[in-house]
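The next block holds one structure in the form of structure tokens; read it before the comments.
Throughout, read-outs are computed from the coordinates displayed, never taken from laboratory work. Quantities reported herein were computed from a predicted structural model and do not represent experimental measurements. Reconstructed Cβ throughout: ideal geometry from the backbone, glycine too, with neighbour counts over all protein chains shown.
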Amino acid sequence: MPPKIARFAGLGAFGACAGFVALFAYVAYISRHTTLGGMMPVLSVVTWISVGLVALALIGLHIVLARQLLSLSRGEAQQV
């Protein structure tokens, strides 16, 4: 992979982390309990935990991939 493309892909993977945080914030916002309705508080918490764990796993994966791509773009030796 050319170094320039690896750099852009690595930066894009870091950008995807911001997208996952925004998606979690949106789900948390629409699933909260309000005085006019919404989900029950217990179901809201279960939703936040389940979506949060998936978001954390995806963020961790993207950080690992981004670090590998950025090291590839700098020309560092790759671990096997």
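Observations
- With respect to (1) within 16 Å of residue 13 (Cα to Cα); (2) free of Cβ contacts under 8 Å to residues at least 24 places away in the same chain, the lone exception for residue 40 is condition (1).
- Entry remark, the range 1-57: residues being aliphatic (A, V, I, L, M), outside any helix (DSSP H, G or I) and farther than 30 Å from residue 76 by Cα number 3 in total.
- Among residues of the range 1-19, those that are in contact with a helix residue (DSSP H, G or I) (Cβ under 7 Å, 6 or more places away or on another chain) and without any contact (Cβ under 8 Å) to a residue 12 or more places away in the chain, counted: 0
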